[in-house]
Amino acid sequence: IAIDKVMEYAGEDADITLQLVEPLKEIMNENGLDEVYEKIDAPLIPVLRDMEYEGVRINPDFLNDYSKDLQNLILETERKIYKTAGTDFNIGSPKQVGEILFDRLGIPYKWRKTKTGQYSTDVEKLTELAVEHTIVADILEYRKYSKLKSTYVDALPTMVNPRTKRVHSNFNQARAATGRLSSENPNLQNIPIKDEAGRKIRRAFEPRDTDHILLAADYSQIELRVLAHVANIPQLTKAFEDGIDIHALTASEMFGVPVEGMPADVRRRAKAINFGIIYGISAFGLANQLSISRSEAGEYIKLYFERFPGIKDYMDETKAAAREHGYVETIFGRRVHYPDIRSSNPQLRAFNERAAINAPIQGSAADVIRRAMVRMERALLEEKLSAKMLLQVHDEVIFEVPDDEVDATIILVKQVMENATRPAIQMKVPLAVDAHAADNWDEAH
């Protein structure tokens, strides 16, 4: 591009930004948002800059080998699908998948077709069918392996900077309305971790050399702790104070099973309900997660609210406040706007209600992590520790630490993260951080 054109564009870009500063500051002050900006968001900018500059080493040889393993799994799953279907077809084509499942195999289809008259084969519908039909479960596995291979395993090595030999993700601090950080090139937030195949990708993330190690510091159940704080739920607050397994406590409250020696599947149900409630899960969504009927899932949700009435009160109050003001707030005053919560469209309104219930919880957790990250760099400098923050993913911060500083760094990191709300807010429940060091991200987590 001609230099005079670049000059004009860059000059105008800087000029418009400068002109916006004063009007935006006025709006921030009028709405009481200057504290959020000055104490959390603005100080985070140099922290993210340093993290992006630092990057993280990945092992391309490991990913190359894993790509071959995934290709074998894809071919093996493909053969199983063809055998069950009795014919070959393009598994990547939603149209052909629909025709095979619902026309050729006669699996009942109970939803509306798409606008073009095709069967919908999105993940939600297939997950519901997978419980009873092995071919559907195999198609979901095929999709999972294919996505892991193309989106992450094959793509990550192409993102390595040729000069630094590291991957430098971009962290976006103003993209998610709730304040959660997002990342791109690569998107680290979306690396699947619910099963072994996805978690294995994290093994490729390694320290720079044999004299360093990766340290992962992860907030333990931070959103449930924030919920216990903002909704003031005595049972949850006491459980966190006493260090009781919160999912086991929920299961015990709901199903009358003793916490000691609780069956794993009972705890799993309670865990799905605990986290589902935070995100405003419906009976339909919970039924899919637990592979149970919708009526049974509805009974679980009803029972949950009976055992924890404070949570239902919090939800009703939050929805009412969002309808009145058009926004909700985090514990630090960050506002998340939901103008469509007053919509006459029931689906749009319901979506905004669920989001409004979750936003103060997710947004408060995000603010806690931001405050911890802002304080971390200063704390490391003051203690003369050489650890570098590399990544922030979900409720976790990943560091690269010299081997001989691991113990001291773990103590400091836990201290900073667990006290991130103070002195501004004294949480009703203690924040807890799990911190572990290892030779790759997966083992550290």
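The values are calculated or read from the model by the stated rules, or taken from the named source; none is laboratory data. Since the model is a prediction, treat every value here as computed from it, not as a measurement. Neighbour counts are summed over all protein chains in view; Cβ atoms, including those assigned to glycine, are modelled from backbone coordinates with ideal geometry. These area figures cover heavy atoms from the full protein model, side chains too; ligands, DNA and RNA do not enter into them. Shrake-Rupley method; radii C 1.70, N 1.55, O 1.52, S 1.80 Å.
Along the charge dipole of region 194-332, Cβ charges K/R +1 and D/E -1, which of ALA197, SER220, MET254 sits furthest on the positive end?
Going by the Cα projections, it comes out as ALA197.
If the cut-off is 13 Å between C-alpha atoms, which aspartates and glutamates fall inside it for LYS68, apart from same-chain ones fewer than 8 positions away?
Cross-link targets: GLU76, ASP154.
Taking the alpha-carbon centroid of each part, what is the distance from region 357-410 to region 253-322 in angstrom?
Measuring centre to centre over Cα atoms gives 31 Å.
Would you kindly compute the Cα radius of gyration of region 1-147 and its largest Cα-Cα separation (Dmax), both in Å?
Rg, Dmax (Cα atoms, Å): 26.5, 68.
Apply 1/(1 + (r/R0)^6) to the Cβ-Cβ distance of ASP34 and HIS325, taking R0 = 25 Å, and write down the FRET efficiency to the nearest 0.05.
0.85
How large is the dipole of region 254-318 about the Cα centre if only Lys and Arg carry +1 and Asp and Glu carry -1, each at its Cβ, rounded to the nearest 20 debye?
My answer is approximately 220 debye.
For the pair ALA155 and THR210, what calculated FRET efficiency results from E = 1/(1 + (r/R0)^6), where r is the Cβ-Cβ distance and R0 = 22 Å, to the nearest 0.05?
E(calc), rounded to 0.05, equals 0.20.
State to the nearest 20 debye the size of the charge dipole of region 1-135 about its Cα centre, where the only charges are +1 on K and R beta carbons and -1 on D and E beta carbons.
Dipole magnitude for region 1-135 comes out near 1480 debye.
Determine how many Å³ per residue the convex hull of the Cα atoms of region 206-326 encloses.
Details: hull volume 22.0 nm³, N = 121.
Taking only Cα atoms, region 206-326 has a hull volume of 181 Å³ per residue.
Within straight cross-link reach of LYS194, meaning Cα distance under 20 Å, which lysines are found once same-chain residues fewer than 8 apart are removed?
Output for LYS194: LYS125, LYS144, LYS147, LYS149, LYS271.
Provide the FRET efficiency to the nearest 0.05 for the LYS80-LEU105 pair, computing r from the beta carbons and using R0 = 25 Å.
Computed FRET efficiency for LYS80 and LEU105: 0.95.
Please report, to two decimal places, log10 I(q)/I(0) for region 291-445 at q = 0.09, 0.11, 0.17, 0.21 Å⁻¹ as given by the Debye formula with identical point scatterers on the Cα atoms and no solvent.
Each listed q corresponds, in turn, to -0.45, -0.63, -1.03, -1.25.
How much length would be gained if the chain were fully extended between THR127 and SER282, taking 0.36 nm per residue of separation minus their Cα-Cα distance, in nm to one decimal?
Once the chain is fully extended between THR127 and SER282, it gains 54.2 nm.
Given that compact globular proteins tend to follow 2.2 N^0.38 Å, what is the ratio of the alpha-carbon Rg of region 192-248 to that value?
With N residues counted in region 192-248, Rg over 2.2 N^0.38 Å equals 1.66.
Once you list every other residue whose beta carbon is under 10 Å from the beta carbon of LEU380, what net charge do they have if Lys and Arg are +1 and Asp and Glu are -1? Before the final figure, lay out the partial values.
Values: positive: ARG375, ARG378, LYS384, LYS388; negative: GLU377, GLU382, GLU383, GLU405.
Summing Lys/Arg as +1 and Asp/Glu as -1 gives 0.
Which residue, ALA372, ALA408, ALA239, tops the fluctuation ranking in a GNM of the chain built on C-alpha contacts under 10 Å?
Residue with maximal mean-square fluctuation among ALA372, ALA408, ALA239: ALA408.
Can you divide the C-alpha Rg of region 326-411 by 2.2 N^0.38 Å and report the result to two decimal places?
Its radius of gyration relative to the 2.2 N^0.38 Å reference: 1.57.
With a 1.4 Å probe and every protein chain kept in, tell me what percent of the accessible surface of region 308-445 is carbon plus sulfur.
Reported share for carbon and sulfur atoms: 48 percent.
Give me log10 I(q)/I(0) at q = 0.13, 0.14, 0.23 Å⁻¹ for region 72-178, Debye formula, one equal scatterer per alpha-carbon, no solvent.
So the normalised log intensities are -0.63, -0.69, -1.22.
Residue by residue through region 248-264, what is 3J(HN,Hα) from phi via Karplus (6.51 cos²θ - 1.76 cosθ + 1.60, θ = phi - 60°)? Round to whole Hz and write x for glycine and proline.
Whole-Hz 3J(HN,Hα) from phi for region 248-264: 5, 4, 4, 4, 5, 5, 7, 10, x, 9, x, 4, 5, x, 5, x, 4.
Net charge around ALA435, counting only other residues with Cβ within less than 11 Å of its Cβ (Lys, Arg = +1; Asp, Glu = -1)?
Computed value for this residue: -4.
Can you tell me what the convex hull of the Cα atoms of region 219-267 projects to on average, as an area in nm²?
Orientation-averaged projected area of the Cα hull: 3.6 nm².
Mind putting a number on the dipole of the chain about its Cα centre? Charges go on the C-beta only, +1 for Lys and Arg and -1 for Asp and Glu, and I need it in Debye to the nearest 20.
1580
Enter the Cα centre distance for the pair region 37-78 and region 108-132, rounded to the nearest angstrom.
Between the Cα centres of region 37-78 and region 108-132 lies a distance of 33 Å.
Which residue, chosen from ASN64, VAL131, PRO46, occupies the Cα position most advanced towards the positive end of the dipole of the chain, where the dipole is computed from +1 (Lys, Arg) and -1 (Asp, Glu) charges on Cβ about the Cα centre?
Farthest towards the positive pole: VAL131.
Which of LYS147, LYS271, LYS25 moves the most in a Gaussian network model of the chain with Cα springs under 10 Å?
Maximum fluctuation in the GNM of the chain, among the listed residues, is at LYS25.
If you take the charge dipole of the chain about its Cα centre, with +1 on Lys and Arg Cβ and -1 on Asp and Glu Cβ, which of VAL368, GLN426, ASN187 is farthest toward its positive end?
ASN187
Using the Cα atoms as the points, what is the convex hull volume per residue of the chain in Å³?
It is 208 Å³ per residue.
Once you keep just the Cα pairs under 8 angstrom separated by 6 or more residues, what percentage relative contact order results for the chain? Mind dumping the intermediate values first?
On the way: 581 pairs, mean separation 94.3, N = 445.
Reported relative contact order: 21 percent.
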